[in-house]
Amino acid sequence: MDAMVEHLELSAIVPGDTVLGTLPVHVAAAVCERGARYFHLSMDIPATRRGTELSAEDMRTFGARLEEYVITKLIKRESV
């Protein structure tokens, strides 16, 4: 089932799921750890446009693309 969410609940991710988005690296690693595929929405946004709303045309101009990543946390450390 496809779903668009504003906040990803990791507990809802199951092996074989596909997640598309712009997640922080530790969340993307958790997605991969749960057996899902992660595709990052990558763009080459100039500094003057960062943090602003982008139209579909802006996204095309900045080379929007979905790139698959497999992210693995190498060392598990205790919280500080």
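A short reminder: the numbers here are calculations on the coordinates, not readings from a lab. Since this is a predicted model, take the numbers as computed values, not measurements. Reconstructed Cβ throughout: ideal geometry from the backbone, glycine too, with neighbour counts over all protein chains shown.
Our coupling estimate for the stretch 39-44, obtained by passing each phi through the Karplus curve with A = 6.51, B = -1.76, C = 1.60 and θ = phi - 60°, is 10, 8, 7, 9, 8, 9 Hz, Gly and Pro reported as x.
Amide H to amide H distances under 5 Å link V19 with R37, Y38, F39, where only residues 5 or more positions off or on other chains count and H is placed in the peptide plane. Based on the Kirkwood approach, the hydrodynamic radius assigned to the chain is 14.3 Å, with every pair of different Cα atoms included.
For the stretch 14-69, what proportion of DSSP beta bridges, expressed in % and rounded to the nearest 5, is antiparallel?
On the way: 5 of 9 bridges.
Percent antiparallel among DSSP bridges in the stretch 14-69 is about 55.
With θ taken as phi - 60° and the Karplus curve 6.51 cos²θ - 1.76 cosθ + 1.60 applied, the whole-hertz 3J(HN,Hα) list for the stretch 47-54 is 3, 5, 10, 5, x, 10, 5, 10 Hz, x standing for glycine and proline. Model label sites at S42 and E57, defined 7 Å from Cα along the beta-carbon direction, differ in position by 2.7 nm.
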